[in-house]
1. Take the Cβ-Cβ distance between S34 and R160 as r, set R0 to 25 Å, and report the resulting FRET efficiency rounded to the nearest 0.05.
2. Modelled label-to-label distance, E27 and R116, 7 Å Cα→beta-carbon offset: nm?
3. Using alpha-carbon positions, what is the distance between the centroids of segment 56-85 and segment 103-128, in Å?
4. Percent relative contact order of the chain, based on C-alpha pairs within less than 8 angstrom and at least six residues apart?
5. For I155, enumerate residues with amide H under 5 Å from its amide H, sequence gap 5+ or separate chain, H modeled in the peptide plane.
6. Could you check the simple spin-label distance between W100 and Q9, using points 7 Å along Cα→Cβ, in nm with one decimal?
7. At q = 0.13 Å⁻¹, what log₁₀ I(q)/I(0) does the chain have when each alpha carbon counts as one equal point scatterer in the Debye sum?
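Coordinate-derived values only; no laboratory data. In this text the structure is predicted, and so the values were computed from the model without any measurement. No Cβ is skipped: glycine too gets one built from the backbone with ideal geometry, and neighbour counts run over all protein chains shown.
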Amino acid sequence: MQPSADVDQLAVVGPDTVVWHLAQIRENAIVGESCVIGRGAYIGPGVVIGDRCKIQNHALVYEPAFVENGAFIGPAVVFTNDCFPRAVCPDGRLKSAEDWEPVGVHVGEGASIGARAVCIAPVSIGRWATVAAGAVVTRDVPDFALVAGVPARQIGWVGRAGVPLERVAGGTFRCPATDHRFFEWKGSLREDVLTESAPGLDDADRTLPA
């Protein structure tokens, strides 16, 4: 842990986790083992970070975010936590913690959030999904989905290696990096399902969400 890092005494940081210069980990936050917390990153009060995660430089992970094992949060990513942000109440008083209820971002196992992406809470990023750099996520992202744009929309599927999947035939996909196979069914992707037919399967079931 670098001397310039600010880690609250009430925070829990797991073994073999590296916390770089000027990073701040607030009270009651939990950071798992073998993580990397980059320079200038901010981890809010009560945020939970799993094992083997990378929180890159200047990422802002506001409470009550929950990040599962093996997730990647890119440089300058922002997780919001207020549906209706205001500095003051309607009567002009400065808002305090009691005047609003924070909402969080959930990041599934192995998912990646690209540099400068913004996730507008409440929103969930699925397992092994990838959010492209600069995207603005305003709705839930399915497992293994690749989303991009403002607002973010699904443009494909990715495997555990993060590489876009290749369509083999029908609803079957292949990862070119690992040769792992996937099957698309009603807007979701399943691993290692190689059945050639399924009840009710048609072209409409294989299309990406709008």
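1. Values: r = 18 Å, r/R0 = 0.72.
For R0 = 25 Å, the calculated efficiency reads 0.90.
2. 3.6 nm
3. So the two Cα centres are separated by 7 Å.
4. Details: 613 pairs, mean separation 20.3, N = 210.
Relative contact order of the chain: 10 percent.
5. Those qualifying (amide H under 5 Å, at least 5 residues apart or on another chain) are L146, V147, A148.
6. 3.0 nm
7. Each listed q corresponds, in turn, to -0.75.
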